[in-house]
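First up is the structure itself, then whatever we jot down about it.
The values are calculated or read from the model by the stated rules, or taken from the named source; none is laboratory data. Here the structure is a predicted model, which means the values were calculated and not measured. All Cβ positions, even for glycine, are placed from backbone atoms using ideal geometry, and neighbour counts span all protein chains on display. In case anyone asks, the SASA skips ligands and DNA or RNA and just uses the protein heavy atoms, side chains included. Shrake-Rupley method; radii C 1.70, N 1.55, O 1.52, S 1.80 Å.
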Amino acid sequence: MTAVGLGLPGFPPRAPDGVGFLRGTESFPEAAHHELANPQLRRNIAKATHTIREKRLRVTGELPDWQALRDTGSAVKVDTLNRLPELLEQFEAAVVARGGVVHWAADAIEADAIVTELVEATGSREVIKVKSMATQEIGLNEHLESVGIRAYETDLAELIVQLGHDKPSHILVPAIHRNRSEIREIFLNEMDGVDPNLDDDPQHLAAASRKFLRHKFMTVPVAVSGANFGIAETGTLGVVESEGNGRMCLTLPQTLITVMGIEKIIPRFADLEVFLQLLPRSSTGERMNPYTSMWTGVTPGDGPQNFHVVLLDNGRTAALADAIGRQALKCIRCSACLNVCPVYEQTGGHAYGSTYPGPIGAVLTPQLTGMTGKDDPNASLPFASSLCGACFDACPVEIDIPSLLIELRHQKVEHTGFGPEAAAMRAASIAMSSATRFALAQKAAGLGRLVAGKKGTISTLPPPLSGWTDARDIPAPPRQTFRQWWKSAEGRAAIAEARAEASS
Amino acid sequence: MSSRTVILGRIREALVDAPPTPVTVPREYRVDRTLPDAERIDLLIDRLEDYDARVYRCDTAHLPAMLARVLTDAGARRVGVPTGLDESWLADFGGEVVVDGTDIPAPDLEDLDAVVTGSAVTCAETGTIFLDAGPDQGRRALTLVPDVHVCVVTVDSVEVGVPEALARLVPERPTTLVSGPSATVDIELERVQGVHGPRHLHVVLVDQAPPRTPS
């Protein structure tokens with residue numbers, strides 16, 4: 001897998017550690033353990049996932065060409081990745097031709113530094129923000145705060161998360177783990193100038209956020225956004241949203257800074273006809289989201305007159321360097337896979353420890369960060385799945401998440417499993433390479449019955465094999481193998497009987 | 001070495017070491033659809049009402065009376081319009097009409113009770129109105145800051161689906177797609193209408209293309 005040549009040897013670097021939000025502090029099973037003990041979280045997540053997935057099925061079922069749209073969406077994204085250098089250069093030229101400035105950030109540290117410098121150049125100590133996964137991934141708000149710049153999240157859910165000193169738990173509805181009474185408490189305690197008589201009616205809570213943010217929209221001169229699409233052909237950027245906070249941020253300030261992953265490119269403006277059908281229906285289960293904004297560089301007399309776009313790598317080229325893993329870069333962040341996942345439905349998003357939760361997070365996060373050892377929390381993510389395949393069925397761009405999970409499990413064992421797991425896999429590989437060896441190994445396995453004792457299961461193995469039995473019991477090996485049974489008198493008799501029955 | 005060179009180098013290297021599988025993009029989905037006026041407009045009205053937009057219908061001759069009624073019913077006294085809006089549209093309106101200009105600071109738009117604009121193209125299947133900052137629509141802030149947006153949609157600007165509507169756009173123009181009023185489901189998934197964008201969207205469907213401003 002190591003690349004050599006062209007004077008740039010080596011596998012592309014992963015996202016650096018210690019900056020941003022791509023790695024939690026504990027493994028998925030450990031984190032899931034706490035989350036499962038929170039009945040409110042489970043109730044809220046179950047309600048949200050079930051409601052959205054039913055709406056999604058209804059509106060995708062309306063389109064007789066839904067599958068054709070998925071096929072095209074998938075192929076356009078594969079084509080994009082195949083031609084990424086030329087498309088990025090084309091995009092850059094188009095943005096520059098329309099008065100925008102393009103910056104390239106090799107990782108989160110560089111992206112944070114670029115945005116900070118751009119904000120400082122305006123003299124503003126405040127920025128308003130549109131909900132963005134990329135800026136969450138690079139920990140932009142925290143970085144800005146460390147240099148004395150206050151970032152205001154303007155999406156209602158992101159505001160709730162920010163004021164609650166919390167983390168998002170869902171890609172689409174990040175504050176879904178919070179109930180209205182908690183949100184009221186958060187607003188009363190953290191929102192400047194809030195009405196002390198605020199009740200917990202969602203209408204009133206939304207109105208409070210409108211009032212709080214309106215002043216910011218009208219006065220803060222810098223906005224930071226992400227992007228759903230960047231169109232190579234024209235340099236056009238697109239943001240889809242519901243509340244109008246995105247429109248405010250993209251329209252009113254003098255300076256706009258957009259942080260976009262390099263995989264968000266699509267080749268042609270006409271390709272929007274596919275993605276503007278796939279994304280809203282997969283994401284919120286609506287035929288179309290209330291607002292979509294599209295802009296190209298700078299337009300005199302309309303919107304920000306200073307426009308910057310920061311193209312972010314941060315481990316994406318490492319994912320691209322993996323022929324199987326790269327398909328995770330097709331993701332358009334709709335969150336349909338979260339809403340159908342039986343594992344996510346139980347644990348919610350926090351257990352994944354990353355900006356990207358759920359099935360797509362389980363395959364994207366470990367590729368962005370790498371899996372650094374058996375104790376790396378992200379090495380546990382490919383195992384956070386039952387491999388049921390519902391995510392693959394739901395994905396509007398046909399990312400084969402189950403196959404990716406299996407590939408990453410394999411890589412985890414190959415690269416980080418220096419312990420008993422790797423030894424066991426190597427032993428299995430040797431044993432299975434010849435029939436004689438396999439028979440001998442199976443005989444030896446029968447000895448395991450001595451360990452299992454009368455209850456027929458093995459609950460604790462001594463180190464170094466204890467990793468296996470920490471979280472599961474192993475059934476004792478059977479008394480005889482299938483091959484032994486086949487050759488035995490008992491087996492021969494059973495087969496003869498079955499044959500007689502079949503021919504009678 | 002610049003980060004641009006570094007990143008492009010990483011990508012090219014990745015594509016050499018794990019060569020891409022060539023792909024032909026299939027285009028089997030529906031495009032170039034047409035529907036008779038009546039069916040197209042029924043579909044659009046159904047979608048707009050599903051989003052809680054208020055829908056009105058009239059012919060060109062009755063547009064000024066219709067707009068005056070809609071604005072009055074909405075309680076609007078001070079109404080903003082873009083520079084290129086047909087003056088005759090608000091001939092029957094008794095309140096104050098403010099023509100927007102780039103010298104007016106966006107926060108001042110908050111003093112408007114409503115805004116009246118035209119539209120570039122509309123998609124029936126999704127109930128989506130496309131605003132492309134044309135002279136009859138104005139800058140983006142104008143249709144964003146006031147709380148009531150009255151949008152005139154001509155029947156001949158209504159297309160069946162997303163591909164047909166997008167094909168009529170000029171990509172480089174700043175474009176806003178509007179599907180109903182602003183909304184959120186962020187609190188316990190309960191739908192709340194009207195967060196930051198206009199809380200009220202009134203759509204006036206006009207059966208014939210209105211004549212251009214004579215001036």
TODO: Residue by residue through region B:193-215, note down the ones that are under 23 Å from A:Lys211 (Cβ atoms) and modelled with pLDDT of 90 or more.
DONE: B:His196, B:Pro198, B:Arg199, B:His200, B:Leu201
TODO: Just give me the residues in region A:77-117 being open to solvent by 60 Å² or more (accessible area, probe 1.4 Å), of a type in the set (Lys, Arg) and either facing chain B (nearest Cβ under 8 Å) or outside any loop (DSSP other than H, G, I, E, B) (or both), in sequence order.
DONE: A:Arg98
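Condition first: β-branched (Val, Ile, Thr) and exposed (fewer than 11 other Cβ atoms within 10 Å of the Cβ). Now tell me which residues in region B:11-37 satisfy that. Steps first, please.
Of the residues in region B:11-37, the ones β-branched (Val, Ile, Thr) are B:11, B:16, B:21, B:23-25, B:31, B:34.
Answer for region B:11-37, where residues must be β-branched (Val, Ile, Thr) and exposed (fewer than 11 other Cβ atoms within 10 Å of the Cβ): B:Thr21, B:Thr24, B:Thr34.
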TODO: With respect to A:Val413, determine if the residue is part of a loop (DSSP other than H, G, I, E, B) and modelled with pLDDT of 70 or more.
DONE: no
- [ ] Write out, first by first residue and then by second, each pair whose Cβ atoms fall under 9 Å of each other, whose residues are 6+ apart or on separate chains, and whose first residue, in region A:371-387, is closer than 10 Å to A:Arg23 by Cβ and open to solvent by 80 Å² or more (accessible area, probe 1.4 Å) while the second is at pLDDT below 95 and among the acidic types (Asp, Glu).
- [x] A:Thr372/A:Asp17
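Out of region B:126-139, which residues are within 21 Å of B:Val162 (Cα to Cα), of a type outside the set (A, V, I, L, M) and open to solvent by 20 Å² or more (accessible area, probe 1.4 Å)? If you could, list the steps in order and put the result at the bottom.
Residues of region B:126-139 that are within 21 Å of B:Val162 (Cα to Cα), as a first pass: B:126-134, B:137.
Now restrict to residues that are of a type outside the set (A, V, I, L, M): B:126-128, B:130, B:132, B:134, B:137.
Once the filter is applied, which keeps residues that are within 21 Å of B:Val162 (Cα to Cα), of a type outside the set (A, V, I, L, M) and open to solvent by 20 Å² or more (accessible area, probe 1.4 Å), region B:126-139 yields only B:Asp132.
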TODO: Could you tell me which residue of region A:320-340 is farthest from A:Ile45 (Cα to Cα), considering only residues that are under 13 Å from the mean Cα position of the chain (by Cα) and of a type in the set (A, V, I, L, M, F, W, C)?
DONE: A:Leu329
Open item on the list: Can you find a residue that is touching a Gly at 6+ places or on another chain (Cβ under 6 Å) and either assigned to a loop (DSSP other than H, G, I, E, B) or closer than 19 Å to A:Pro382 by Cα (or both) anywhere in region A:35-43?
Closed with: yes
- [ ] Out of B:Val25, B:Val55, B:Val6, B:Val16, report the one residue that is under 30 Å from A:Glu62 (Cα atoms) and either more than 26 Å from the chain's Cα centre (by Cα) or within 14 Å of chain A (Cβ to nearest Cβ) (or both).
- [x] B:Val25
TODO: Being open to solvent by less than 10 Å² (accessible area, probe 1.4 Å), farther than 23 Å from A:Val274 by Cβ and not in a helix (DSSP H, G or I) is the filter here, so list the residues in region A:330-355 that pass it.
DONE: A:Gly348, A:Gly349
- [ ] Determine if region A:232-254 includes at least one residue that is more than 10 Å from chain B (Cβ to nearest Cβ), open to solvent by 10 Å² or more (accessible area, probe 1.4 Å) and over 29 Å from A:Ala319 (Cα atoms).
- [x] yes
Open item on the list: So in region A:209-229, with the set limited to residues that are touching a Gly at 6+ places or on another chain (Cβ under 8 Å) and either within 22 Å of A:Leu272 (Cβ to Cβ) or more than 12 Å from chain B (Cβ to nearest Cβ) (or both), which one is most open to solvent (accessible area, probe 1.4 Å)?
Closed with: A:Asn228
Open item on the list: Can you say whether A:Val161 is away from chain B (no Cβ under 11 Å) and aliphatic (A, V, I, L, M), as far as the supplied structure shows?
Closed with: no
- [ ] Give the residues of region A:128-142 that are of a type in the set (Val, Ile, Thr) and either surrounded by fewer than 24 Cβ atoms within 10 Å (Cβ to Cβ) or touching a Cys at 6+ places or on another chain (Cβ under 9 Å) (or both), sorted by residue number.
- [x] A:Ile128, A:Val130
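On the basis of being out of contact with any His (no Cβ under 9 Å at 6 or more places or on another chain), closer than 26 Å to A:Leu276 by Cβ and either in contact (Cβ under 8 Å) with a residue 60 or more places away in the chain or not acidic (Asp, Glu) (or both), does B:Leu48 make the cut? Show your work before the answer.
Values: out of contact with any His (no Cβ under 9 Å at 6 or more places or on another chain): yes; closer than 26 Å to A:Leu276 by Cβ: yes; either in contact (Cβ under 8 Å) with a residue 60 or more places away in the chain or not acidic (Asp, Glu) (or both): yes.
Yes.
Go through region A:137-158 and give me each residue that's within 13 Å of another protein chain (Cβ to nearest Cβ) and farther than 20 Å from B:Ala183 by Cβ.
Taking region A:137-158 first, the residues within 13 Å of another protein chain (Cβ to nearest Cβ) are A:152-158.
The answer is A:Tyr152, and nothing else.
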Task: Unmet criterion (only one of (1) surrounded by 20 or more Cβ atoms within 10 Å (Cβ to Cβ); (2) among the basic types (Lys, Arg); (3) more than 22 Å from the chain's Cα centre (by Cα)) for A:Arg150 - done: (1)
Task: Of the criteria (1) more than 9 Å from chain B (Cβ to nearest Cβ); (2) open to solvent by less than 10 Å² (accessible area, probe 1.4 Å), which one A:Thr317 fails - done: (1)
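Results for (1) outside any helix (DSSP H, G or I); (2) surrounded by 13 or more Cβ atoms within 10 Å (Cβ to Cβ); (3) not aromatic (Phe, Trp, Tyr), shown as yes or no for each residue.
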| residue | (1), (2), (3) |
| --- | --- |
| B:Gly9 | no, yes, yes |
| B:Glu39 | no, no, yes |
| B:Asp42 | no, yes, yes |
| B:Asp52 | yes, yes, yes |
| B:Tyr56 | yes, yes, no |
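Okay, residues lined up against (1) farther than 23 Å from B:Gly9 by Cβ; (2) more than 7 Å from chain B (Cβ to nearest Cβ); (3) modelled with pLDDT under 95:
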| position | (1), (2), (3) |
| --- | --- |
| A:Ile257 | yes, yes, no |
| A:Met260 | no, yes, no |
| A:Ser282 | yes, yes, no |
| A:Met288 | yes, no, no |
| A:Tyr291 | yes, no, no |
| A:Asp313 | no, no, no |
- [ ] May I ask you to list pairs of residues, at least six apart or on different chains, whose Cβ atoms are under 7 Å apart, with the first in region A:71-94 being closer than 15 Å to A:Leu272 by Cα and small (Gly, Ala, Ser) and the second being at pLDDT 95 or above and assigned to a helix (DSSP H, G or I)?
- [x] A:Gly73/A:Val274; A:Gly73/A:Phe275; A:Gly73/A:Leu278; A:Ser74/A:Lys330
Task: Residue tally, condition part of a strand (DSSP E or B) and farther than 15 Å from B:Leu144 by Cα, over region B:71-83 - done: 1
